[in-house]
1. Please state, rounded to one decimal and in Å, the Kirkwood hydrodynamic radius that the range 173-218 gives when every pair of distinct Cα atoms enters the mean of 1/r.
2. Given the range 105-198 reduced to its alpha-carbon atoms as identical point scatterers, what log10 I(q)/I(0) does the Debye formula return at q = 0.10, 0.21 Å⁻¹?
3. With only Lys, Arg, Asp and Glu charged, each at its Cβ (+1 for the first two, -1 for the last two), find how big the charge dipole of the range 23-166 is about the Cα centre; round to the nearest 20 debye.
4. Ranked by Cβ crowding within 10 angstrom, fewest neighbours first, how are Arg224, Arg240, Arg122 ordered?
5. Using just the helices of the chain, give the 222 nm mean residue ellipticity in deg cm²/dmol: DSSP H runs with n ≥ 4 each add -39,500 (n - 2.57), and the total is spread over all residues, rounded to 500.
6. Starting at the first residue of the range 152-169, write each ³J(HN,Hα) from the Karplus equation 6.51 cos²θ - 1.76 cosθ + 1.60 with θ = phi - 60°, in whole Hz, x for Gly and Pro.
7. Could you check what % of the DSSP bridge pairs in the range 3-255 are antiparallel, to the nearest 5?
8. What does the charge count near Ile46 come to, summing +1 for each Lys or Arg and -1 for each Asp or Glu among other residues with Cβ under 12 Å from its Cβ?
Amino acid sequence: MKKEQLAVQLYTLRQFTQTAEALDETLAKIAAIGYKAIQVSAIGPIEPGQVKEAADRHGLRICATHVGYSRLKEDLERVIDEHKLWDCRYVGLGSMPGEFRGAAGGYDLFAAECSAIAKRVRDAGLQFVYHNHRFEFERVGEVVRGLTGMDRLMEKTAADAFHFELDTYWAQAGGADPAAWIRKLDGRMKVVHLKDMEIVDDQAVYAEVGHGNMNWDAILTACRETGIEWYIVEQDECRRDPFESLAMSYEYLAERAEG
């Protein structure tokens, strides 16, 4: 891991990115902390060209995105064009839509539908990535085989088209071992979400990376050994100023970076 591989998921700063002016100010603060890249997600209705200009102005690469499922289904060509404008390889989906979760065979239905999208993204020279939450670690279908939803998605999708963006916090919350899953996804994941977990008043809460209870030595070693390209810091909710939270995470990771 090198410092230039550290990125910010803009969902963390969603209340500060709803206009072009606010986005520009936010990217200036991100760059001042030391980050070199961003993941575009949950920003306001800002023209793609303006997003690119702001990122370039502050020396930030757009390394990945999260795109709504409806846009991936109905507006994919424009999504692809936006990513090419941004020189952004990784087209992300933040979660499986709710209608698939309660359906019989929902994972298989989603895998089939989303695989068609992922293959079109691949054929355009980009890479689709799926971001997990906790529910994907529930056992589904043939319980005797011990398959989780994540296992099912791996089984039912093409390895060259459907990649993953493991969220370390949600893997931990789902009772899984984040480092083990990073290794399990070797060859199907180049983008990871780094997010820590802390216990406060007997509740699991989001924490700045390195300031919670997760095993970061094991997680970062697994990332290095599997060739992760982008280490993206995300914190869904912050108990302090979110820019301060991102600075704390950056300081922890930068101390462990090479070069």
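Readers should treat all values here as calculations from the given coordinates under stated rules, not as data from a laboratory. Quick caveat: nothing in here was measured; it's all calculated off a predicted structure. Cβ sites come from the backbone with ideal geometry, for glycine too, and all protein chains shown count toward neighbours.
1. After inverting the pairwise mean of 1/r, the radius is 11.8 Å.
2. Debye curve over Cα of the range 105-198, log10 I(q)/I(0) at q = 0.10, 0.21 Å⁻¹: -0.25, -1.07.
3. 280 debye
4. Arg240, Arg224, Arg122
5. Estimated from H runs of four or more residues: -12000 deg cm²/dmol.
6. Whole-Hz 3J(HN,Hα) from phi for the range 152-169: 4, 5, 5, 5, 9, 10, 7, 5, 8, 10, 9, 9, 10, 9, 4, 9, 5, 4.
7. 20 percent
8. -4
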